[in-house]
1. Rg to Rh ratio, region 35-111, alpha-carbon atoms and Kirkwood radius?
2. Find the centroid of the Cα atoms in region 1-40 and in region 47-101, then give the distance between the two in whole Å.
3. With only Lys, Arg, Asp and Glu charged, each at its Cβ (+1 for the first two, -1 for the last two), find how big the charge dipole of the chain is about the Cα centre; round to the nearest 20 debye.
4. Can you pull the one-decimal nm distance between simple spin-label points at VAL49 and ASN113, each 7 Å off the Cα toward Cβ?
5. If you wrap a convex hull around the C-alpha atoms of the chain and split its volume per residue, what is the figure in Å³?
6. So what is the 222 nm mean residue ellipticity for the chain from helices alone, if each DSSP H run of at least 4 adds -39500 (n - 2.57) and you divide by all residues, rounding to the nearest 500 deg cm²/dmol?
7. Using the Kirkwood formula over every pair of different C-alpha atoms, what hydrodynamic radius in Å results for region 18-67?
8. Could you tell me the calculated FRET efficiency between ASN60 and ALA15, based on Cβ-Cβ distance and R0 = 41 angstrom, to the nearest 0.05?
Amino acid sequence: VFVPTNLAMKQTISALTGGLIPVGAPDANFIAFLGSNSINTQTVKGIVVYHILGTRAFTNNFPTTATSYPTLLNSAVPAHPGVSITGTFTGGFVTAATIKGVANASASSILINPTPEPNGTSDQFFVNGTIHKINQVLLPQ
């Protein structure tokens, strides 16, 4: 699971509202927007499942060249190209990694910090999967 930071979510919601909710607004404004009918439920579901791979993904297994991987969105849209993942290795360890959604202008950085869960940002191993924090919301279209 690639989990956007709070700032990344605020930036996306601000963009969706055409700036009506500025990034610096109180959290309650963003929560209220998500709870309203102002955004299509199918769109939200699509964005959420686009952040989830069908298998565990640890940074030490990331490719060094941009490689496409299917997400759970591919169960509904099989022809979708998925996300593109790249890792940079130094001395056998991942020192940087990115993930890019099809509609994102640039790749999102995966925040590399291997501190054990729940305080780290990458390779956080949990019963149902592995969590990586990212600095953008991945957009499938």
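The values are calculated or read from the model by the stated rules, or taken from the named source; none is laboratory data. Values in this document were obtained by computation on a predicted structure and should not be read as measured data. So basically every Cβ, Gly included, is an ideal-geometry build from the backbone, and we count neighbours across all protein chains shown. Side chains are part of the model used for accessible areas, which takes the heavy atoms of the whole protein and leaves out ligands, DNA and RNA. Shrake-Rupley method; radii C 1.70, N 1.55, O 1.52, S 1.80 Å.
1. Working: Rg = 14.2 Å, Rh = 13.6 Å.
Dividing the radius of gyration by the Kirkwood radius yields 1.04.
2. 24 Å
3. Values: 5 positive and 3 negative charges, 33 e Å.
Here the size comes out at about 160 debye.
4. With each label placed 7 Å out from Cα toward Cβ, I get 3.2 nm.
5. Working: hull volume 17.4 nm³, N = 141.
Output value, Cα hull per residue: 124 Å³.
6. Working: 3 runs with 29 residues, N = 141.
Taking each H run of at least 4 residues, the total per residue is -6000 deg cm²/dmol.
7. Details: mean 1/r = 0.0706 Å⁻¹.
Answer for region 18-67: a Kirkwood hydrodynamic radius of 14.2 Å.
8. Values: r = 33 Å, r/R0 = 0.81.
Here the calculated transfer efficiency is 0.75.
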